[in-house]
Amino acid sequence: MRSNSKILTIDNRSLFTALLFPVGLRYHALHHLFPSPLYRALGEAHRRLLQALPVDSPYRCTIRTGFIQAVRELLALCSPGRHIQSKSDAVVA
């Protein structure tokens with residue numbers, strides 16, 4: 001199963017990430033899986049989900065270590081003729 005490369009989770013608790021994504025937007029994939037939790041609960045939900053999910057879970061394929069990595073991948077998807085291999089390309093169900 002290949003995850004949607006445009007729906008990402010930024011798993012980084014730096015001040016830079018908090019300033020860019022102040023209201024839980026870094027948990028975009030989680031929000032699509034479970035739209036009802038309040039944004040302030042998404043961080044804890046993300047941590048609990050990671051504890052319960054297997055290593056090859058499609059949700060884990062949405063996780064990026066930072067904003068710059070996510071932007072690079074999204075720009076590569078938009079560039080004609082360019083494709084970068086992400087973790088999600090290797091996941092097979």
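Distant-in-sequence amide contacts of ARG26, defined by a placed amide H-H separation under 5 Å and a gap of 5 or more residues or a different chain, comprise nothing.
When ranked by the protection proxy of mean other Cβ atoms within 10 Å per residue, highest first, what sequence do the peptides 47-57, 23-33 form? If you can, show how the numbers build up before the last one.
Working: 47-57: 10.7, 23-33: 17.8.
Top of the packing list down: 23-33, 47-57.
The solvent-accessible area of GLU44, taken with every protein chain present and a 1.4 Å probe, is close to 80 Å². Sorted largest first by accessible area at a 1.4 angstrom probe radius, with every protein chain in place, the residues LEU75, LEU15 fall in the order LEU15, LEU75. If R0 equals 25 Å, the separation of the Cβ atoms of ILE68 and LEU33 corresponds to a calculated FRET efficiency of about 0.55. For PHE21, nonlocal amide neighbours, meaning residues 5 or more places apart or on other chains whose placed amide H falls under 5 Å from its own, do not occur. Annotation for SER79 and ARG13: the two label points, set 7 Å from Cα along the Cα-Cβ direction, are 3.4 nm apart.
The values are calculated or read from the model by the stated rules, or taken from the named source; none is laboratory data. This is a predicted model, so every value here is computed, not measured. Ideal geometry is used to build each Cβ from the backbone, glycine not excepted, and the neighbour counts take in all protein chains shown. In case anyone asks, the SASA skips ligands and DNA or RNA and just uses the protein heavy atoms, side chains included. Shrake-Rupley method; radii C 1.70, N 1.55, O 1.52, S 1.80 Å.
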